[in-house]
Amino acid sequence: MSMKYIIDFDSTFTQVEALDELVRISLENHPEKEKIVKEIESLTNAAMEGRLSFTESLERRVKLLHANKKHLGQLVKVLKKKVSQSFSRNSNFFKKHSDQIFIVSGGFKEFITPVVAAYHIPPENIFANTFLFDFDGNIAGYDKSNPLSEEGGKVKLLRQLNWKDDVFVIGDGYSDFQLKEAGIVKKFYAFTENIERAAVAEKADHVTPSFDEFLYVNKLPMAISYPKNRIKCLVLGEVPAETIDILKAEGYSIRHKKAEVEEKYLKDMGILVAGGGEKLTNKWIEKCTRLKVIGYLGNSKGQVDHEYCARRGIVILDDKRNNRYSSQFIPKRVIDFVNTGSTGFSVNFPDIQLFELAGAHRFIHIHENKPGIMAKINEVFARHHINILAQYLKTNDQIGYVITDVNEEYDKTVINDLKKIPHTVKFRMLY
């Protein structure tokens, strides 16, 4: 049985509610703009949380728009820049599976179609409402014969389509859950990257903080090797709020502790960001078995054992000068390391500056600086007939740091072979 993937548009495919954005555009100079915007937002949320019928919410919102075709053109430009980050980075998935992906939305084709076209979703796979215009091009209403303009419209539409495939639904609203409640789709995934509606999330088969998470749990190909929402980041000590905000925006699972941290969490932690003055002993770091990088807001000398961390394959990024921009600089360097493998300005690792390479997978191999390791790495690639697109090596007295970009198609057993090379400290598949 084949699969079909239904994706909601507002607050799912895009980060925003399109009608909320449209009224901001159409009422730009209106004296009661903010009041009307808040009213539309309230109507949107009431419908998405199931507190107001979709029919009533839509009708009342459209009456408040005061918009025309010119405003729709401006809206499309805004929405193209507001595609959810995890959808944007997985554009290749949309290209390869375009015949299986459907946009089903209570929004309007006039702005949905031009936005999703860049993701190879064909017009016939877009199910949404349509506006009605007067002779001057002003929005005068919408087609009320469309089932998607009604309460339970998505359920009515899918019953008409009568698909026999396994259908998975990704969305943020009550109307998306109704498809699962009606028993006509296999699973409902509550998408929370942009907004989490508790009343909807608690009813979902799976809460999906990003599209990466959906692809990961369904064993589908994705742009990165591991969903960012599954990367646990411990923020330790007195750390400015803006540092935490930068890390949260990247999508990591954040825990902020100012004192003792339970041992179970230390074992799962991949990132540590510590406030200046925090002492990290070797005994404490030994418990952090998955730790890849420490971002230290200040000078880490004397506070963290640089050589010990290097032997464990843990990169340390700090700010020796205690710069006043450290609260922004350190988390951004941590993110760059996680995303690209760059170790620029590391205090204990070879310095390599890197960029993402499109259409490739990136392997990171950290090893003790012993003769012949590079030859062994490349022997593994040759044995598996893997085409190397780019390769970078840098060493210091302790550590060899090798980045290899390879073709997207490769034998997965190569990963185990790379891990088994003598003197390997840590291996990581980046994306």
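Annotations
- Listed by first and then second residue, the pairs with beta-carbon distance under 7 Å, at least 6 apart or on different chains, first residue in the stretch 13-30 and over 17 Å from residue 197 (Cβ atoms), second open to solvent by 40 Å² or more (accessible area, probe 1.4 Å) and polar (S, T, N, Q), are 25/74.
- Of the residues making up the stretch 1-22, just one is surrounded by fewer than 24 Cβ atoms within 10 Å (Cβ to Cβ) and in contact with a Leu (Cβ under 7 Å, 6 or more places away or on another chain), namely 21.
- Of the residues contained in the stretch 330-352, none is found to be buried (at least 20 other Cβ atoms within 10 Å of the Cβ), at pLDDT 90 or above and part of a strand (DSSP E or B).
- Applying the condition of being among the basic types (Lys, Arg) and under 24 Å from residue 349 (Cα atoms) to the stretch 368-413 and asking which residue is surrounded by the most Cβ atoms within 10 Å (Cβ to Cβ) yields 376.
- Checklist (1) within 26 Å of residue 204 (Cα to Cα); (2) not in a helix (DSSP H, G or I) applied to residue 29, failing item: (1)
- Residue in the stretch 341-362 that is under 20 Å from residue 407 (Cβ atoms), among the hydroxyl-bearing types (Ser, Thr, Tyr) and over 20 Å from the mean Cα position of the chain (by Cα) present: no
- Counting residues in the stretch 127-138 that are aromatic (Phe, Trp, Tyr) and within 30 Å of residue 409 (Cα to Cα) gives zero.
- Selection from the stretch 242-262 of residues that are surrounded by 17 or more Cβ atoms within 10 Å (Cβ to Cβ) and acidic (Asp, Glu): 250
The values are calculated or read from the model by the stated rules, or taken from the named source; none is laboratory data. All values reported here derive from a predicted model rather than from experimental measurement. Glycine also receives a Cβ, built like all others from the backbone with ideal geometry; neighbour counts cover every protein chain displayed. Side chains are part of the model used for accessible areas, which takes the heavy atoms of the whole protein and leaves out ligands, DNA and RNA. Shrake-Rupley method; radii C 1.70, N 1.55, O 1.52, S 1.80 Å.
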